[in-house]
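Heads up: the structure comes next, in structure tokens.
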Amino acid sequence: MKKLKCLLLAAVCFFAGSFAACRLTLRQDLVRIHVVANSDGERDQSLKLRVRDAVLAELENVSREDLEAALTGLRETAQTVLRRNGDDSAVAVSLGRERFAKTTSIDGVSLPAGSYETLRLTIGDGAGRNWWGVLFPKLSYGSQSCLESDTQPRLRSYFLEKLESARQWVEETLTQARAARR
């Protein structure tokens, strides 16, 4: 039983360290995307979503390494969407590190507060609500290809799946140890 306790303690320490490393890696490897509407008006919010869909479609085959080179094309895509919808607002596109003060939890997965690389598209005055998601690593595909703040997201987390596997293993080991004592 003493060996089992030591093994369990080692497993807990390993996963706690892995969790801390995972959070640090997440901040370094993750790229957020924000599309900010001109205003909170219904038309501007609708245009924001149309711009989002067109930009995400264009980004479908862009690697993280090629993201900076794609900025001009993304701005042109966004402005084309606006022009087709009778809006002559300018679009500012930037890629850089931004600080996020609050931890955001979506579908049981937290994006901790911190500094993240962020692709930001600002339409017009940028005074409206923004849509945001996770651009890289790609979490799914299609126009809703990101972990999103204003939809019902679905996200599989490698770390959480491994933690669940470890929990199941510990339960099975304890059950076997109890059965052996009987």
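The values are calculated or read from the model by the stated rules, or taken from the named source; none is laboratory data. It should be emphasised that the depicted structure is a prediction, and the values quoted were computed from it without experimental measurement. Glycine also receives a Cβ, built like all others from the backbone with ideal geometry; neighbour counts cover every protein chain displayed. We work out accessible area using only protein heavy atoms, side chains counted, and drop any ligands, DNA or RNA first. Shrake-Rupley method; radii C 1.70, N 1.55, O 1.52, S 1.80 Å.
Looking at region 48-60, which of its residues are among the aliphatic types (A, V, I, L, M) and either loosely packed, with under 13 Cβ neighbours inside 10 Å or in contact with a helix residue (DSSP H, G or I) (Cβ under 6 Å, 6 or more places away or on another chain) (or both)? Step through it out loud before you land on a result.
First, pick out the residues of region 48-60 that are among the aliphatic types (A, V, I, L, M): 49, 51, 54-57, 59.
V51, A54, V55, listed by residue number.
Pairs linking a residue in region 73-100 that is touching a residue at least 24 places away in the same chain (Cβ under 8 Å) to a residue that is outside any helix (DSSP H, G or I) and of a type in the set (D, E, K, R), with Cβ atoms under 6 Å and 6 or more positions apart or on different chains, are S94/R120. Just one residue in the set L7, L30 is at pLDDT 60 or above and touching a Phe, Trp or Tyr at 6+ places or on another chain (Cβ under 7 Å); that residue is L30. If you go through region 104-137 and keep only what is open to solvent by 30 Å² or more (accessible area, probe 1.4 Å), modelled with pLDDT of 85 or more and either farther than 15 Å from L56 by Cβ or not basic (K, R) (or both), you end up with S115, E117, T122, G124, D125, A127, R129, N130.
Contact map, region 42-61: first residue at positive phi and modelled with pLDDT under 95, second residue among the basic types (K, R) and in a helix (DSSP H, G or I), Cβ cut-off under 7 Å, separation 6 or more or different chains; the map is empty.
Among the residues of region 72-84, those identified as open to solvent by less than 30 Å² (accessible area, probe 1.4 Å) and of a type outside the set (V, I, T) are G73, L74, A78, L82.
In the set (1) part of a loop (DSSP other than H, G, I, E, B); (2) open to solvent by 60 Å² or more (accessible area, probe 1.4 Å); (3) modelled with pLDDT of 85 or more, the condition left unmet by D150 is number (3).
Scanning region 61-70 for residues that are open to solvent by 30 Å² or more (accessible area, probe 1.4 Å) and assigned to a helix (DSSP H, G or I) yields R64, E65, D66, E68, A69.
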